[in-house]
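Reading through the structure tokens given below for one structure.
The values are calculated or read from the model by the stated rules, or taken from the named source; none is laboratory data. All figures in this text were calculated on a predicted structure; none of them were measured in a lab. Glycine gets a Cβ as well: all are built from the backbone with ideal geometry, and neighbour counts include every protein chain shown. Accessible surface areas use protein heavy atoms only, side chains included; no ligands, DNA or RNA. Shrake-Rupley method; radii C 1.70, N 1.55, O 1.52, S 1.80 Å.
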Amino acid sequence: MKYNRYPSRDAIRNYFPLPNEIFQLGLTPGELAVYAFLLKCENRETYQCYPSYRTIGEAVGMSRNTVKKHVDSLVEKRLLYTEPTTVTLQDGTKRNGSLLYTIRPIQEAKEYYVEQQAKVNEEARLKAQKKHAPL
């Protein structure tokens, strides 16, 4: 039997798409890891998933607090939308569940990033202009 160094790959079953634009948004490695894991988990029809912070952390090698920080940053950068869920136990009591993550269109995040960069550049220009203005 011949050893096959490169096994066949099923492009549909074993992979998920990561948009090329994600690398143009200035994400940290941690944000990128969390975003990629959420894309892996998402339902391709609803664009939603609901892993816990613990599940995400175990998958990407981060603590729950670090995952929360990165999720909050991704929400701020408009890559995700989160909403709380509730779980009803067998005895009828309701408890907080995991967050429901909705992956937003990458184009919205890209437009927001460009707007934010334009603001930063304008502020820097005004600051430099004020600094060099004659007295």
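Checking each residue in segment 95-112 for being in a loop (DSSP other than H, G, I, E, B) and either under 24 Å from Glu21 (Cα atoms) or open to solvent by 70 Å² or more (accessible area, probe 1.4 Å) (or both) picks out Arg104, Pro105. Does Thr82 count as surrounded by fewer than 17 Cβ atoms within 10 Å (Cβ to Cβ), in contact with a helix residue (DSSP H, G or I) (Cβ under 7 Å, 6 or more places away or on another chain) and among the polar types (S, T, N, Q)? Yes: the conditions hold for Thr82.
Would you say Cys49 is in contact with a Pro (Cβ under 8 Å, 6 or more places away or on another chain) and not small (Gly, Ala, Ser)?
When the stated conditions are applied, Cys49 does not pass them.
Selection of helices (runs of 4 or more DSSP H) fully inside segment 14-94 by the criterion of at least 3 residues being in contact (Cβ under 8 Å) with a residue 24 or more places away in the chain and within 26 Å of Gln107 (Cβ to Cβ) returns 29-41, 64-76.
Among the criteria (1) among the hydroxyl-bearing types (Ser, Thr, Tyr); (2) in a loop (DSSP other than H, G, I, E, B); (3) at pLDDT 90 or above, the one Tyr3 does not fulfil is (3). Here are some residues: Arg44, Arg64. Which one is farther than 16 Å from Leu18 by Cβ and open to solvent by 90 Å² or more (accessible area, probe 1.4 Å)? Of Arg44, Arg64, the one residue that is farther than 16 Å from Leu18 by Cβ and open to solvent by 90 Å² or more (accessible area, probe 1.4 Å) is Arg64. Being small (Gly, Ala, Ser), under 15 Å from the mean Cα position of the chain (by Cα) and at pLDDT 95 or above holds for only one residue in Gly57, Gly61, and it is Gly57.
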